[in-house]
1. From the set of residues in the stretch 274-307 that are surrounded by 16 or more Cβ atoms within 10 Å (Cβ to Cβ) and of a type in the set (Asp, Glu), which is farthest from the ligand (Cβ to nearest atom)?
2. Can you tell me which residues in the stretch 424-448 are assigned to a helix (DSSP H, G or I), open to solvent by less than 50 Å² (accessible area, probe 1.4 Å) and hydrophobic (A, V, I, L, M, F, W, C)?
3. Can you pull out the helices (runs of 4 or more DSSP H) entirely within the stretch 192-285 that have at least 1 residues that are without any contact (Cβ under 8 Å) to a residue 12 or more places away in the chain?
4. What are the pairs with Cβ atoms under 8 angstrom where one residue, in the stretch 23-38, is closer than 20 Å to ARG67 by Cβ and free of Cβ contacts under 8 Å to residues at least 60 places away in the same chain and the other, located anywhere, is hydroxyl-bearing (Ser, Thr, Tyr) and surrounded by 18 or more Cβ atoms within 10 Å (Cβ to Cβ)? Sequence gap at least six, or different chains.
5. Which of the residues belonging to the stretch 25-56 are open to solvent by 10 Å² or more (accessible area, probe 1.4 Å) and among the polar types (S, T, N, Q)?
6. What tally of residues in the stretch 351-404 results from selecting those that are over 14 Å from GLY45 (Cβ atoms) and more than 16 Å from the ligand (Cβ to nearest atom)?
7. So how many residues does the stretch 163-198 have that are within 16 Å of the ligand (Cβ to nearest atom) and either of a type in the set (A, V, I, L, M, F, W, C) or touching a strand residue (DSSP E or B) at 6+ places or on another chain (Cβ under 6 Å) (or both)?
8. Using beta carbons and a limit of 6 Å, which pairs, at least six apart or on different chains, have the first residue in the stretch 387-400 and small (Gly, Ala, Ser) and the second one modelled with pLDDT of 95 or more?
Amino acid sequence: MKSYEVNFDGLVGPTHNYGGLSYGNVASQSNSQQSSNPKEAALQGLAKMKALMDMGFQQGVLAPQERPDVAALRRLGFSGTDAQVIERAAKEAMPLLVASCSASSMWVANAATVSPSADTADGRVHFTAANLNCKFHRSIEHPTTSRVLGAMFANQQHFAHHAALPAVAQFGDEGAANHTRFCREYGEAGVEFFVFGRSAFDNRFPAPQKYPARQTLEASQAVARLHGLRDEGVVYAQQNPNVIDQGVFHNDVIAVGNGEVLFYHEDAFLETDKMLAELQGKLAKVGGNFQSVCVPRSAVTVDDAVRSYLFNSQLLSRPDGSMLLIVPQECQANERVWAYLQSLTSSGGLIREVKVFDLKQSMQNGGGPACLRLRVALNETELAAVNPGVIMTAPLYGSLTAWVEKHYRDRLSETDLADPQLLLECRTALDELTQILKLGAVYPFQIN
Ligand code: SUG
């Protein structure tokens, strides 16, 4: 049976703004308070989805969330009508209003961890929504994420959904941003690679000194148990705490993998040789031939990687078996990174082509091409069981573009977030979106 990696991209929500909310994420910190352009952000994301679809890849779309999250503000003690809740939060606690307005759900690599059916004990595709509990503005995403994923992958014969892990730091879980799967074919059993930043209960693992390590070993282990993965099909590795302290807040800022290939920076991991040997050995047991491409620090520094987001690229398999790298334009702007990419694609290796995308609006918050997509490996039968409303087609691209043009502002600054009109605009837009994507009622304002 045929199988595919389907990229579900997060549609940027109408409140996209630069709140400076993510300590440890250099771009989010340095662009704090700049005014944003939500319309441009959404159109940039849609252009990437359309381009991949046009190249023949399977592409889907994941809906944004209801923002401002009035319910979250109510839980923090703001009361009255929705407009009063927003007005009071703006007056008394602007940072909380800003957090409740974040469009951060666009970075759907953090939405969930997904294990394909070939890897799981019950032969279903498993999803665990990420608790994202390192940052308040992201910790409020998972209930809606679960409802949206439930509406997209509703067929219980093929899809199993798990609620987010307990929302405490010990089980900090950032979803697929720290999860990679290696396999020969998408429909065959593979090796799931979980990268953690620290251990909550075992102090033998060194932790970063400056910035938070968002993903714990214990969270990754819990996800592997929930999904029913075999020990032989799992490898855990620790991210180098020094790179976390340099702004590598997820593994997908320093490594990317696909098929049998891991593309990574020399400084990405601790105990790299041991880890590579384990990946090689476990992939060989399921018939795969693990290959790694190490980018040396002499060619690209960690700082280059953080600024250019070289590793936050999408590594895609083409029908002839070669690979294509989708990179943000910041890679072209960095001389060393661009020179490295030229030598990589001309070296006769597996990665043959680089395609550059303008994702500046998202990049300025630390979200590159890979952050914007959630990968779901599906066989033909499973793909046919996905809600067809969320699979990208030329007509859907047309409808979503028109929807963005109609509802989105082209400028948003912090003071605009206090405008109760913004809430109404967002709800009107999202109500229409659930009809376009055939999701049913998934947002709090539609349910309560
Ligand atoms: O969680 N930025 C996101 C970026 C997530 C990128 N995802 C992956 N690497 N997979 C984050 O730090 C910034 C929001 C702001 O500052 O307004 C933010 O949430």
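The values are calculated or read from the model by the stated rules, or taken from the named source; none is laboratory data. Please read these numbers as outputs of a predicted model, since none were measured by experiment. With ideal geometry, Cβ positions are generated from the backbone for all residues, glycine too; neighbour counts draw on all protein chains shown. Heads up: the accessible areas ignore ligands, DNA and RNA and are worked out on the full protein's heavy atoms, side chains in. Shrake-Rupley method; radii C 1.70, N 1.55, O 1.52, S 1.80 Å.
1. GLU278
2. CYS426, ALA429, LEU430, LEU433, ILE436 - these are the residues of the stretch 424-448 that are assigned to a helix (DSSP H, G or I), open to solvent by less than 50 Å² (accessible area, probe 1.4 Å) and hydrophobic (A, V, I, L, M, F, W, C).
3. 217-226, 272-285
4. What qualifies is SER32/TYR18.
5. Correct list: GLN29, SER30, ASN31, SER32, GLN33, GLN34, SER35, ASN37, GLN44.
6. Summing the residues that are over 14 Å from GLY45 (Cβ atoms) and more than 16 Å from the ligand (Cβ to nearest atom) in the stretch 351-404 gives 27.
7. 16
8. From residues that are small (Gly, Ala, Ser), the pairs are GLY389/LEU437; GLY389/LYS438; SER399/ILE436.
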